[in-house]
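Novice: Let me give you the structure first, and then I'll get to my questions.
The values are calculated or read from the model by the stated rules, or taken from the named source; none is laboratory data. Everything numeric here is computed off the predicted structure, so don't read it as measured data. Here the Cβ is made from the backbone with ideal geometry for all residues, glycine too, and neighbour counts use every protein chain on show.
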Amino acid sequence: MSESINIIIVGAGLIGLSTADALVSRGCNVTVIEARSGPACGTSYANSGMIHPSQSRPWSTGKQIDLDAFTSVHDLALKSRTLLQDRMISLGLYRDNVVPGCYKLFPDMMAAREAQKRYSQEGVTSRAVLDADATLGHPALYFEADLWANARDYAVALEADLKSRGAVFIYDAPNLRIRRGQDGVTAQIRGHVFQSDHIVIAAGPQSSELLAPLNIDVPMTALRGFAVNFEKPSMALPFAPLMDAQSHSAMTIFEDHLRLSGTVNQASARPLLQRWCELAPDIMRELKPATEIWSGLRPMSKAGRPYIGRTPIPGLWVNTGHGHMGWTLSAGSGDIMAKMIVDGKTDERFKLP
Ligand SMILES: Cc1cc2nc3c(=O)[nH]c(=O)nc-3n(C[C@H](O)[C@H](O)[C@H](O)COP(=O)(O)OP(=O)(O)OC[C@H]3O[C@@H](n4cnc5c(N)ncnc54)[C@H](O)[C@@H]3O)c2cc1C
């Protein structure tokens, strides 16, 4: 039956592509409509690369942690990590010589141990370490169960794979409108009307404004982050990503470059670079001028968990709001969405308020 289901996905970021992947695997005809000229040109372009279920805690809003939101996101993250690993293997991207896990740096060992207690209460296992190479001499927690990989490389490979399996991609379509008519919802670009059985909005930080004209509220904020790429200096470098809790940023050593990325709503990349001059002065001294400076908006749901599910309009769905966890949650979120649409399964954990 699923062979006859036609689905439009709006957005070719990590979430839209993963949704397409799960739907094509279930035999659906998928068309992805993207405003920009290729896959992963929005927020998914240059993230920190961490597949980190360990960081499922919603970013602090000054309130107590929402345990229910944490558990939902953490469960999904663990499942998604396994799906991503399998998918990277099948796409020929998985590098098994890479040291798994991510490190989080702390100002002192007491702070690291305090945090370790909190993580442990939430079911997240970590090891306290202080190592000259791995943590640049900083007290840290090591999350061995996390992974890391270049999300954009994955997105590009996934898009090519989807095309080879029959998915259609329409790029450079910035003026898309979603309309509600007698025959259900349609996507319209420059007067052309695309009919389908279902439309999934995976437009990242733009999802709210796309749905607002239909009176659908997707409560999100967009948190700007920066990424700065450098040629790798020829010196000993950390072998797994280092996170800095204070600045919500990370240093990641990819195969062919070093990336500093993160911060929240700063006006420029300067605070990011300044922070890493404090944390890693020896490495920063050796870096040549940046090869690329980029910024993107994290689509951060106000609920502390993504929105994956139906809207009040039949046939119109959302998969967005993944905030700082979008790479980690991508494969799992696509899987949930496909199960809802194709198999009719409901999952109330991620419903729109
Ligand atoms: C600096 C930084 C570091 C990060 N590090 C990590 C990390 O280490 N681990 C992790 O798990 N997550 C991380 N994230 C978060 C993760 O990158 C995002 O959650 C994820 O990329 C969001 O994917 P998306 O597909 O929802 O959005 P996007 O990648 O933005 O995709 C949405 C797409 O929809 C398109 N679109 C928008 N409007 C329309 C329209 N009207 N018509 C057609 N197309 C439209 C956009 O052009 C875009 O391509 C990081 C984010 C940032 C900014």
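Novice: Take the residues of segment 119-141 that are free of Cβ contacts under 8 Å to residues at least 60 places away in the same chain and assigned to a strand (DSSP E or B): which is nearest to the chain's Cα centre (by Cα)?
Specialist: Our first condition is that a residue be free of Cβ contacts under 8 Å to residues at least 60 places away in the same chain; within segment 119-141, this holds for 120-121, 123, 125, 127-132, 137, 139, 141.
Those still in the list that are assigned to a strand (DSSP E or B) too: 127-130, 139, 141.
Values: 127: 25, 128: 26, 129: 27, 130: 29, 139: 27, 141: 22 Å.
Within segment 119-141, the match that is nearest to the chain's Cα centre (by Cα) is 141.
Novice: Continuing with the same structure: Working carefully through the options 25, 18, find the one that is crowded, with 24+ Cβ neighbours inside 10 Å and of a type in the set (Ser, Thr, Tyr).
Specialist: Testing whether each residue is crowded, with 24+ Cβ neighbours inside 10 Å and of a type in the set (Ser, Thr, Tyr) leaves just 18.
Novice: OK, next. Picking from 320, 263, which residue would you name as being within 16 Å of residue 204 (Cβ to Cβ) and near the ligand (Cβ under 10 Å from one of its atoms)?
Specialist: 320
Novice: For segment 107-148, which residues satisfy the criterion of being closer than 16 Å to residue 239 by Cβ, acidic (Asp, Glu) and surrounded by fewer than 17 Cβ atoms within 10 Å (Cβ to Cβ)?
Specialist: Of everything in segment 107-148, those that are closer than 16 Å to residue 239 by Cβ, acidic (Asp, Glu) and surrounded by fewer than 17 Cβ atoms within 10 Å (Cβ to Cβ) turn out to be 131, 133, 144.
Novice: I'd like the residue in segment 300-317 that is within 15 Å of the chain's Cα centre (by Cα) and closer than 25 Å to residue 180 by Cα and, out of all such residues, is surrounded by the fewest Cβ atoms within 10 Å (Cβ to Cβ).
Specialist: For segment 300-317, the residue satisfying everything is 301.
Novice: Filter segment 192-220 down to residues that are closer than 14 Å to residue 19 by Cβ and either surrounded by fewer than 22 Cβ atoms within 10 Å (Cβ to Cβ) or not assigned by TED's automatic domain parsing to the domain that holds residue 175 (or both), then give me how many there are.
Specialist: So in segment 192-220, the residues closer than 14 Å to residue 19 by Cβ come out as 196, 198-204, 207.
Checking which are either surrounded by fewer than 22 Cβ atoms within 10 Å (Cβ to Cβ) or not assigned by TED's automatic domain parsing to the domain that holds residue 175 (or both) leaves us with 196.
Residues that pass the stated criteria total 1.
Novice: May I pose another question? Pairs please, first residue from segment 44-60 and closer than 18 Å to residue 304 by Cα and touching a residue at least 12 places away in the same chain (Cβ under 8 Å), second anywhere and outside any loop (DSSP other than H, G, I, E, B) and near the ligand (Cβ under 6 Å from one of its atoms), Cβ atoms under 6 Å, 6+ apart in sequence or on different chains.
Specialist: Filtered contacts from segment 44-60: 51/328; 52/328.
Novice: Let me ask you something else. Given (1) surrounded by fewer than 19 Cβ atoms within 10 Å (Cβ to Cβ); (2) within 16 Å of the ligand (Cβ to nearest atom), where does residue 64 come up short, assuming only one miss?
Specialist: Residue 64 satisfies every listed condition except (2).
Novice: Can you name the residue in segment 207-219 that is in contact with a strand residue (DSSP E or B) (Cβ under 8 Å, 6 or more places away or on another chain) and not aliphatic (A, V, I, L, M) and is also farthest from the ligand (Cβ to nearest atom) among such residues?
Specialist: Per the criteria, the residue is 219.
Novice: If you scan segment 158-193, which residues turn out to be at pLDDT below 95, over 16 Å from residue 10 (Cα atoms) and of a type in the set (S, T, N, Q)?
Specialist: Within segment 158-193, just 182 meets the criteria.
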